[in-house]
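Structure record follows, encoded as structure tokens.
The values are calculated or read from the model by the stated rules, or taken from the named source; none is laboratory data. Source: prediction; values computed, not measured. We place every Cβ from the backbone using ideal geometry, glycine too, and count neighbours over all the protein chains shown. Ligands, DNA and RNA are excluded from the accessible area calculation, which covers all protein heavy atoms including side chains. Shrake-Rupley method; radii C 1.70, N 1.55, O 1.52, S 1.80 Å.
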2 protein chains.
Amino acid sequence: MTSADHQQERLKIESWIVGFTDGEGCFSVSFIKNKTTKTGWQIFPEFVITQGSKSLPALEIVQNYFGCGKMFINQRKDNHRENLYRYCVRSLGDLEDKIIPFFRRNSLKTFKQNDFKIFSEIINLMLKREHLTKKGMRKIARSIEKMNTKKKSRFLESSETKRQLASTARR
Amino acid sequence: MTSADHQQERLKIESWIVGFTDGEGCFSVSFIKNKTTKTGWQIFPEFVITQGSKSLPALEIVQNYFGCGKMFINQRKDNHRENLYRYCVRSLGDLEDKIIPFFRRNSLKTFKQNDFKIFSEIINLMLKREHLTKKGMRKIARSIEKMNTKKKSRFLESSETKRQLASTARR
């Protein structure tokens, strides 16, 4: 293979990953209750692609390209359908160094681009360690509510946070 | 833009379409009851990609690239979520001339490749007009059962077809 061929192959894989992510990828940020942290909550960002076991090779292409992330299996014992595999990148370093620069260079074409932008803003806040304060957490929680999942934030909905927000508003 | 740039852009769009189809595309063949046909059934192949209305531009990229197919809207009046758009290619000619050659040149990387192979075999049988006979219909119905949807064939399950299969077996 010539260097031009290699470059073309790389371009094809990259564009395929963008399309596959537009279809099946997910940029998500969750709040998890965790008593060992100062705020009582932990923020958990991840980039995920899920596939049935028969399409595991497609997930492996993504994993090999990025050179990071782990494969998790969701075993399905309740019915006859195939197991599900989740390719997940959860490390803040890998998200910062590999996933975010990739999708900055290669824009998504669906509305997932909006999720990606919010996701990268949140990662940025986390790198500045703002997620370790209640104020930063609220900022992150409000950003998550603008993502396509549109779930009510468990963090903002918690009675403790509501009391705190009410008392901040009164000040 | 130089001709090399154009070629590179084209390569990127094509690989993105493959990835997006690996994620969200569907090759389906349905049997529909239709009293106006000789067999009482009509075979209905389609290539479909579905997206929420916010991602309509992504479907339009696919439609513009292929230069065929129609956009259908599934209005959702029952809840607050966005409408769904379905990009559908149903014409046998367009499937033969545009969709199938494209995915022959650009292989899918997920198990959808299996569905595509069966789909193109069925289109081939239809082009030979084999779907107009009960024998051809049974062959097509058995192929559909090997596709990933794994639904029981309404055609093979119909009482009339079962009687005919039983009488064929006795011969």
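Find the residue count for the range B:88-121, including only residues that are aliphatic (A, V, I, L, M), touching a residue at least 24 places away in the same chain (Cβ under 8 Å), open to solvent by less than 40 Å² (accessible area, probe 1.4 Å) and in a helix (DSSP H, G or I). First the steps, then the outcome.
If we filter the range B:88-121 for residues that are aliphatic (A, V, I, L, M), which is where we start, we get B:89, B:92, B:95, B:99-100, B:108, B:118.
Imposing the further condition that a residue be touching a residue at least 24 places away in the same chain (Cβ under 8 Å) reduces the set to B:89, B:92, B:95, B:99, B:108, B:118.
After this cut, where a residue has to be open to solvent by less than 40 Å² (accessible area, probe 1.4 Å) as well, the list is B:89, B:95, B:99, B:108, B:118.
From the residues that got through so far, the ones that are in a helix (DSSP H, G or I) too are B:95, B:99, B:118.
Looking only at that region, the number is 3.
So the check is Cβ under 8 Å with 6+ separation or different chains; which pairs have a first residue in the range A:122-141 that's in a helix (DSSP H, G or I) and a second one that's of a type in the set (Asp, Glu)?
A:ILE123/A:GLU96; A:LEU127/A:GLU96; A:GLY136/A:GLU130; A:LYS139/A:GLU130; A:ILE140/A:GLU130
Looking at A:THR161, is it part of a helix (DSSP H, G or I), at pLDDT below 95 and among the hydroxyl-bearing types (Ser, Thr, Tyr)?
Judged against the criteria, A:THR161 is a match.
Of the conditions (1) at the interface with chain B (Cβ under 8 Å from one of its Cβ atoms); (2) under 25 Å from A:ASP115 (Cα atoms), A:PRO57 clears all except one; give me its number.
So the condition that A:PRO57 fails would be (2).
When only residues in the range A:55-76 that are out of contact with any helix residue (DSSP H, G or I) (no Cβ under 8 Å at 6 or more places or on another chain) and in a helix (DSSP H, G or I) count, which is farthest from A:GLU14 (Cα to Cα)?
Ranking the candidates gives A:LEU56 first.
Of all residues in the range A:1-22 being of a type in the set (Ser, Thr, Tyr) and in a helix (DSSP H, G or I), which is most open to solvent (accessible area, probe 1.4 Å)?
Only one residue fits best here, namely A:SER3.
Restricting the search to the range B:9-33, which residues are away from every other protein chain (no Cβ under 14 Å) and within 12 Å of the chain's Cα centre (by Cα)?
Across the range B:9-33, the qualifying residues are B:PHE27, B:SER28, B:VAL29, B:SER30.
Check A:GLY25, A:GLY69, A:GLY52 and return the single one that is under 30 Å from A:SER158 (Cα atoms), in contact (Cβ under 8 Å) with a residue 24 or more places away in the chain and open to solvent by less than 50 Å² (accessible area, probe 1.4 Å). It would help to see each step written out before you state the result.
Details: A:GLY69 fails: under 30 Å from A:SER158 (Cα atoms); A:GLY52 fails: under 30 Å from A:SER158 (Cα atoms).
Exactly one residue qualifies, and that residue is A:GLY25.
Among the residues of the range A:77-87, is any assigned to a helix (DSSP H, G or I), within 25 Å of B:ILE17 (Cβ to Cβ) and within 14 Å of another protein chain (Cβ to nearest Cβ)?
No: zero hits.
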